[in-house]
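Asker: First the structure, then my questions, so here it is.
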Amino acid sequence: MENVVIVGAGVAGINAATKLVDNNYDGKITIIDMGKDPYNRLPEEVMTGMLGAGGWSDGKLTYHTEVGGQLSKYCGEEKAMELMDQVITNFKRFHPKPEAVQCSNPQSEPEFIKPHFGLKLFPVWHVGTDYLSEIAKNWYDYLVEKGVNFIWETKVTDIDFEDQLISIGIIDKIFYDKLIFGVGKSGIDFVTELSEKYVLLTEPKPVQIGVRFEAPQKHFQKLIDISYDFKLYRKFEDKGVSLRSFCTNNNSAYVAAEHTYGDVSYNGHAKKDESYRNNMTNFGILMEIQGISSPFVWAREAVQKLQVGGVGTFFSPSDRVPSKTSEGNYVKTHVVDSLNPLYEAIGDYAFYIEDFIEDMKKVFPTLGNDWGVYMPEVKYLSPEPLVDYNNLSLYNYPNIHFVGDALSARGITVSGAQGTYVAEYLISSDKVSIKVKEENLNLN
């Protein structure tokens, strides 16, 4: 019986484990995570724990291969969609009210957008942030019942690729036959550390940094009616810069602080329960910058420049103040009187974000100055390890499979699909192994 160890209990790792146990995989499965199980994880503990960051605070599953990182490049378009179907099915399967899961599928780009922005239209399954905790509990109970061993609140400090040993704590080590490495955004520095230690072939990733934009929903309603999770975008190819709105939340939309590497950045989520309705909209305005030397270091330094007194910064050109969280507390941030801190942090790149906002004011004429931005929003992307497209394994270490944000998945559905893809490979290999054993027994 082989030991399959999954580092990271995020969407990628959990979907991998689910696929394995659903198919009666002949192996011991262990999942290690820095965070807590879903019964002890607090709502504000966003970054680590059961279902990771996205599966704990974001109830939207994008259903398209052009959104949320690479997937079809590994397995082809048809297989990618099939894998995403499996992830969506799992969220419905463990949902306390699966009938509440709805899909929005806008078809045509409205004319009022075209002069200033492109608009990406694609299907989105709306799970509902309110239900994620119960989904996590149901999912966790199922895996425990199936014999999956969880090790919570434990940091992996090192991995010996040669001797196949995982170090946890000071002296404890766990042996693995197969390793699924699915750390989330909070483990990106560990990915970099391992890549440098084993001189892994990698592909540099661009910087992704911006702001979390917030305004009353009424200003965007005519677009929301067409596309709930709208994605405005524009590209400046000659400058190596592109911008997009990201992770749109409406109706009961809340801004949330994220703590990564000791710094505060901002994200958002939406509640489904009508009692949380605040008639607000928030979304990220994320800028992708190509050609930055040491993009991870550059982004870290930019984020640090936007920290004041242990929190990020907030600016509104009107009398808007930071909003309240879904728990009823004001978002922790330092109020500033201009966008100058953003310019000081990222230089003239801040102009692209300011220009994006100015054009939104043209497209949505009631918006005016009735908005605010929380700075920064950032997506840390480590250099992407080059993997075998057939199973996402490292070329020099075929028993180690990278998935999720460790492989620049950038999305719930893609992360889960990558985990499922690896699990399918392990299942097929297991069947071959069993067949060979049976043939050897018959020969003897």
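Asker: Quick check on my filter: what residues within segment 271-288 are open to solvent by 10 Å² or more (accessible area, probe 1.4 Å), farther than 14 Å from ILE346 by Cβ and part of a strand (DSSP E or B)?
Answerer: Our first condition is that a residue be open to solvent by 10 Å² or more (accessible area, probe 1.4 Å); within segment 271-288, this holds for 271-280, 288.
Checking the rest, the ones that are also farther than 14 Å from ILE346 by Cβ come to 271-280.
Passing the criteria: only MET280.
Asker: Among the hydroxyl-bearing types (Ser, Thr, Tyr), surrounded by fewer than 20 Cβ atoms within 10 Å (Cβ to Cβ) and either touching a helix residue (DSSP H, G or I) at 6+ places or on another chain (Cβ under 9 Å) or free of Cβ contacts under 8 Å to residues at least 24 places away in the same chain (or both): does that describe TYR261?
Answerer: Values: among the hydroxyl-bearing types (Ser, Thr, Tyr): yes; surrounded by fewer than 20 Cβ atoms within 10 Å (Cβ to Cβ): yes; either touching a helix residue (DSSP H, G or I) at 6+ places or on another chain (Cβ under 9 Å) or free of Cβ contacts under 8 Å to residues at least 24 places away in the same chain (or both): yes.
Yes.
Asker: Spot the failing condition for VAL335; the list is (1) without any contact (Cβ under 8 Å) to a residue 60 or more places away in the chain; (2) not in a strand (DSSP E or B), and only one is missed.
Answerer: With (1) without any contact (Cβ under 8 Å) to a residue 60 or more places away in the chain; (2) not in a strand (DSSP E or B) applied to VAL335, the lone miss is (2).
Asker: While we're looking at this one, here's another question. Search segment 246-258 for residues being small (Gly, Ala, Ser) and open to solvent by 10 Å² or more (accessible area, probe 1.4 Å), and hand back the single one that is nearest to VAL311 (Cα to Cα). First the steps, then the outcome.
Answerer: Taking segment 246-258 and keeping what is small (Gly, Ala, Ser), we get 252-253, 256-257.
Within this subset, residues satisfying the condition of being open to solvent by 10 Å² or more (accessible area, probe 1.4 Å) are 256-257.
Values: ALA256: 12, ALA257: 9 Å.
Looking at the filtered set, the residue picked out is ALA257.
Asker: A follow-up question, please. Which of the following residues is modelled with pLDDT under 95, over 24 Å from THR65 (Cβ atoms), open to solvent by 20 Å² or more (accessible area, probe 1.4 Å) and not charged (D, E, K, R): PRO341, PRO365, PRO383, PRO398? Give the steps one after another, and end with the answer.
Answerer: Working: PRO341 fails: modelled with pLDDT under 95; PRO383 fails: over 24 Å from THR65 (Cβ atoms); PRO398 fails: modelled with pLDDT under 95.
That would be PRO365, the only listed residue that is modelled with pLDDT under 95, over 24 Å from THR65 (Cβ atoms), open to solvent by 20 Å² or more (accessible area, probe 1.4 Å) and not charged (D, E, K, R).
Asker: Since PRO43 meets every condition but one in (1) touching an Asp or Glu at 6+ places or on another chain (Cβ under 7 Å); (2) crowded, with 19+ Cβ neighbours inside 10 Å, which condition does it not meet?
Answerer: PRO43 satisfies every listed condition except (2).
Asker: Here's a follow-up. Just checking: which of the helices (runs of 4 or more DSSP H) contained wholly in segment 1-97 hold 3 or more residues that are modelled with pLDDT of 95 or more? So that I can check it myself, show each step before the final result.
Answerer: Numbers: elements: 11-22, 54-57, 72-75, 77-93.
Filter on segment 1-97 gives 11-22, 77-93.
Asker: (1) farther than 24 Å from GLU214 by Cβ; (2) in contact with a Leu (Cβ under 8 Å, 6 or more places away or on another chain); (3) in a helix (DSSP H, G or I): which one isn't true of LYS361, the others all being true?
Answerer: Among (1) farther than 24 Å from GLU214 by Cβ; (2) in contact with a Leu (Cβ under 8 Å, 6 or more places away or on another chain); (3) in a helix (DSSP H, G or I), the lone unmet condition for LYS361 is (1).
Asker: Mind checking which residues of segment 179-196 are assigned to a helix (DSSP H, G or I) and of a type in the set (A, V, I, L, M, F, W, C)? Please lay out each step first, then the result.
Answerer: If we filter segment 179-196 for residues that are assigned to a helix (DSSP H, G or I), which is where we start, we get 185-196.
Answer for segment 179-196, where residues must be assigned to a helix (DSSP H, G or I) and of a type in the set (A, V, I, L, M, F, W, C): ILE188, PHE190, VAL191, LEU194.
Asker: If you don't mind, another one. What's the total number of residues in segment 289-314 that are open to solvent by 40 Å² or more (accessible area, probe 1.4 Å) and under 22 Å from the mean Cα position of the chain (by Cα)?
Answerer: Summing the residues that are open to solvent by 40 Å² or more (accessible area, probe 1.4 Å) and under 22 Å from the mean Cα position of the chain (by Cα) in segment 289-314 gives 7.
The values are calculated or read from the model by the stated rules, or taken from the named source; none is laboratory data. All of these numbers come straight from a predicted model, not from anything done at the bench. We place every Cβ from the backbone using ideal geometry, glycine too, and count neighbours over all the protein chains shown. We work out accessible area using only protein heavy atoms, side chains counted, and drop any ligands, DNA or RNA first. Shrake-Rupley method; radii C 1.70, N 1.55, O 1.52, S 1.80 Å.
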